[in-house]
Structure formats: structure tokens, C-alpha cells
Amino acid sequence: MKRIGILGGTFDPIHFGHIRPALEVKVQLNLDSIWLMPNHIPPHKSSTTVNTEQRLEMVNLVCQEYDCFQLCDVEARRDEPSYLLTTLKELHESHPHDELFFLIGTDSLVSLPTWYQWQSLFDYCHFAVSARDGWQVTQDMPIFEEYEQRLTSASQISTPKTGCIFEVDVTPQPYSSTQIRQQLALGKSPVDAVPRQILHFIAKKNLYQTQA
């Protein structure tokens with residue numbers, strides 16, 4: 001059995017704000033690998049500035065640089081938007097013996113009750129929750145009861161295979177894809193925020209030349 005972290009995102013582009021926290025979560029929860037899962041974006045939607053194939057290529061370049069990362073294209077290859085529950089069921093069926101940890105921030109955790117059949121998500125994975133400035137779980141939130149019941153220490157020796165919430169401490173990263181796209185559109189090279197091979201790919205493909 002392997003312990004697998006799953007990090008979903010638009011990755012437009014992927015940057016150290018995605019990479020470094022994922023590496024820290026891997027260490028804290030003793031994960032065997034982290035799957036980077038680009039989200040599916042419908043062709044008519046303008047929420048990404050590059051196409052799905054280019055986003056997949058950039059994530060794949062990061063996976064080549066870091067052995068512990070693996071590209072998961074299950075959502076990106078779908079022809080229509082899908083719910084996380086659909087994705088987790090598919091991954092659970094293809095990897096029935098593995099333990100899945102879905103990586104999110106506190107901001108996403110508090111909104112979990114708005115997700116499709118959100119309580120069923122705990123049947124297929126754990127949630128690894130990273131703190132976000134300005135966000136915390138409070139008693140008046142719909143997630144509070146589940147949070148209280150499922151919160152588990154990462155040091156606990158024996159845990160269920162699914163259904164736990166683990167809080168992990170990650171180093172805050174001062175990067176956002178929006179700011180990076182703006183810098184690239186102005187002809188700047190954000191070398192501190194984006195891996196070198198990704199910047200080379202962006203330059204080669206002439207991406208992000210107009211602001212999103």
C-alpha cells in the first residue's frame with residue numbers, strides 16, 4: 001500500500017507556491033508520492049490563458065525534475081467538467097489498495113459543504129489541510145462538526161484508510177499565478193517564483209504575452 005497525495009489546480013502556470021508546500025506535506029505525512037492533477041477547463045471558459053495540453057506539459061516538466069511528483073491527467077483528459085467525487089471514485093477504483101490524501105487549504109476546507117455530495121468525499125480519501133492567512137474553522141461553520149470528529153494527528157500510529165483530516169504546517173509562499181502571469185505579460189522573468197525549465201518552456205512557446 002502506498003500513501004499518495006493529490007494536489008489539484010489550474011497550474012496556469014505551475015510555480016513554487018504549488019511545489020514547495022506539496023513537498024513539505026509529503027514529508028510531514030510520510031507520503032510516497034504526490035500526484036499533480038491539473039483541473040479540466042472547458043474550451044469556452046477564459047479562466048486559463050494557455051490550453052490544457054500546455055498546462056499538462058508544464059506539470060510534466062516539474063515531475064521530471066522531482067522524482068516524488070507524478071502527473072495525474074484524469075481530470076484534464078475529460079471532455080466535460082467533473083466533480084471531485086467522480087475523480088476520487090475513479091482513482092480509488094484504479095488504486096484500491098492505496099491511501100489517498102487530498103491536499104487543500106483552510107479556505108477550501110471551510111467551503112467544502114458547498115461541494116457536490118461533500119460528505120461522501122471522506123469515503124475515498126483523507127484531507128491534508130494547510131493553513132491560509134485569515135481562514136480558520138469556527139463553530140458557526142457547516143464543516144465544524146465533521147472537522148471536530150475527523151481531525152487526526154499526523155503522528156497517530158493507526159488511522160482509518162479514509163476519512164481523516166490532517167492539519168499540516170507549510171511555509172507561506174508569496175506567489176500567485178495571477179501575479180506571475182502579469183509579470184510575464186510585462187516581459188519580466190519571475191525566476192524566484194517559477195522553476196527554470198518552466199520559464200524556458202513559456203519563452204519557447206511564447207506564452208502569457210497578454211495579461212489574463
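Within the range 92-120, the residues that satisfy the criterion of being under 24 Å from GLN173 (Cβ atoms) and either of a type in the set (Gly, Ala, Ser) or surrounded by fewer than 13 Cβ atoms within 10 Å (Cβ to Cβ) (or both) are GLY105, SER108, SER111. Taking residues in the range 122-138 that are on the phi < 0 side of the Ramachandran plot, and partners anywhere that are surrounded by fewer than 13 Cβ atoms within 10 Å (Cβ to Cβ), the pairs with Cβ atoms closer than 8 Å and at least 6 places apart or on different chains are SER130/ASP169; ALA131/ASP169; ASP133/PRO172.
Taking each residue of the range 85-98 that is assigned to a helix (DSSP H, G or I) and looking for partners that are loosely packed, with under 15 Cβ neighbours inside 10 Å with beta-carbon atoms closer than 6 Å, six or more apart or interchain, yields LEU85/TYR116; LEU85/GLN117; LEU85/SER120.
Looking at the range 79-91, which of the residues that are acidic (Asp, Glu) and exposed (fewer than 14 other Cβ atoms within 10 Å of the Cβ) is nearest to THR138 (Cα to Cα)?
Within the range 79-91, the match that is nearest to THR138 (Cα to Cα) is GLU80.
Just to be sure, is TYR147 modelled with pLDDT of 95 or more, among the aromatic types (Phe, Trp, Tyr) and farther than 29 Å from TYR175 by Cα? Steps first, please.
Values: modelled with pLDDT of 95 or more: yes; among the aromatic types (Phe, Trp, Tyr): yes; farther than 29 Å from TYR175 by Cα: no.
For TYR147, the condition - modelled with pLDDT of 95 or more, among the aromatic types (Phe, Trp, Tyr) and farther than 29 Å from TYR175 by Cα - is not met.
Pairs only if they're at least six apart or on different chains, beta carbon under 8 angstrom, first in the range 50-68 and closer than 11 Å to LEU36 by Cα and open to solvent by 10 Å² or more (accessible area, probe 1.4 Å), second in a helix (DSSP H, G or I) and not hydroxyl-bearing (Ser, Thr, Tyr); list them, first residue then second. As it stands, the answer is CYS68/LEU23; CYS68/LYS26, since those pairs meet every condition given. Just one of the listed residues (ASP123, ASP140) is more than 23 Å from SER82 (Cβ to Cβ) and open to solvent by 40 Å² or more (accessible area, probe 1.4 Å), and it is ASP140. For the range 143-167, the set of residues classified as open to solvent by 20 Å² or more (accessible area, probe 1.4 Å), assigned to a strand (DSSP E or B) and in contact with a helix residue (DSSP H, G or I) (Cβ under 9 Å, 6 or more places away or on another chain) consists of GLU167 only.
Is it the case that SER130 is within 23 Å of PHE11 (Cβ to Cβ), of a type in the set (Ser, Thr, Tyr), at pLDDT 95 or above and out of contact with any Lys or Arg (no Cβ under 6 Å at 6 or more places or on another chain)? For SER130, the condition - within 23 Å of PHE11 (Cβ to Cβ), of a type in the set (Ser, Thr, Tyr), at pLDDT 95 or above and out of contact with any Lys or Arg (no Cβ under 6 Å at 6 or more places or on another chain) - is met. Within the range 177-189, the set of residues being open to solvent by less than 40 Å² (accessible area, probe 1.4 Å) and closer than 22 Å to SER130 by Cβ comprises SER177, ILE180.
Do we find that GLU75 is within 22 Å of THR114 (Cβ to Cβ), within 17 Å of the chain's Cα centre (by Cα) and of a type in the set (D, E, K, R) in this structure?
Numbers: within 22 Å of THR114 (Cβ to Cβ): yes; within 17 Å of the chain's Cα centre (by Cα): yes; of a type in the set (D, E, K, R): yes.
Criteria met by GLU75.
The condition of being among the aliphatic types (A, V, I, L, M) and over 30 Å from SER189 (Cα atoms) holds for only one of VAL74, VAL50, VAL62, that being VAL74.
When the range 1-43 is examined, which residues are found to be of a type in the set (A, V, I, L, M), in a helix (DSSP H, G or I) and touching a residue at least 40 places away in the same chain (Cβ under 8 Å)?
Residues of the range 1-43 that are of a type in the set (A, V, I, L, M), as a first pass: 1, 4, 6-7, 14, 19, 22-23, 25, 27, 29, 31, 34, 36-37, 41.
Remaining after also requiring in a helix (DSSP H, G or I): 19, 22-23, 25, 27.
Within the range 1-43, ILE19, ALA22, LEU23, VAL25 qualify.
The values are calculated or read from the model by the stated rules, or taken from the named source; none is laboratory data. None of these values were measured; they are calculated from a predicted model. Reconstructed Cβ throughout: ideal geometry from the backbone, glycine too, with neighbour counts over all protein chains shown. The protein model used for the area step is the full one, side chains on, heavy atoms only, and it has no ligands, DNA or RNA in it. Shrake-Rupley method; radii C 1.70, N 1.55, O 1.52, S 1.80 Å.
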